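Below is one structure, written out as structure tokens; comments come after it.
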Amino acid sequence: MIAFRYTVMRLMIFAGFVAVLMLVRVPVPWAVVGGALLSMVVSYFLLARDRDQIAAGLERRVEARTARRRARLEEERIAEEE
């Protein structure tokens, strides 16, 4: 759910910058490029907490998967020795 919120927030920030740039009469292609660049910078700071939560969740899942794999390999090694 946090990843969905993060994605929506990124898109809203991008759309906001594009809209503002178009209101000041910047041509559409440049407004899109400028909106992308500005939204990357702003999102980096404003959405840091959400990004950290997503990274922590991914790290937990990878660690759990690694632990299961190690346990399975250890069980197979013990079974082969018997």
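Brief remarks follow.
- Residue count for segment 41-63, restricted to those that are in contact (Cβ under 8 Å) with a residue 40 or more places away in the chain and under 10 Å from the mean Cα position of the chain (by Cα): 5
- Search result, residues across segment 1-11 that are without any contact (Cβ under 8 Å) to a residue 40 or more places away in the chain and either touching a helix residue (DSSP H, G or I) at 6+ places or on another chain (Cβ under 9 Å) or β-branched (Val, Ile, Thr) (or both): Thr7, Val8, Arg10, Leu11
FYI, it's all coordinate maths here, none of it is from the lab. A quick note: this is a predicted structure, and the numbers were derived from the prediction, not measured. As a convention, Cβ positions derive from the backbone with ideal geometry for all residues, glycine included, and neighbour counts pool all protein chains shown.
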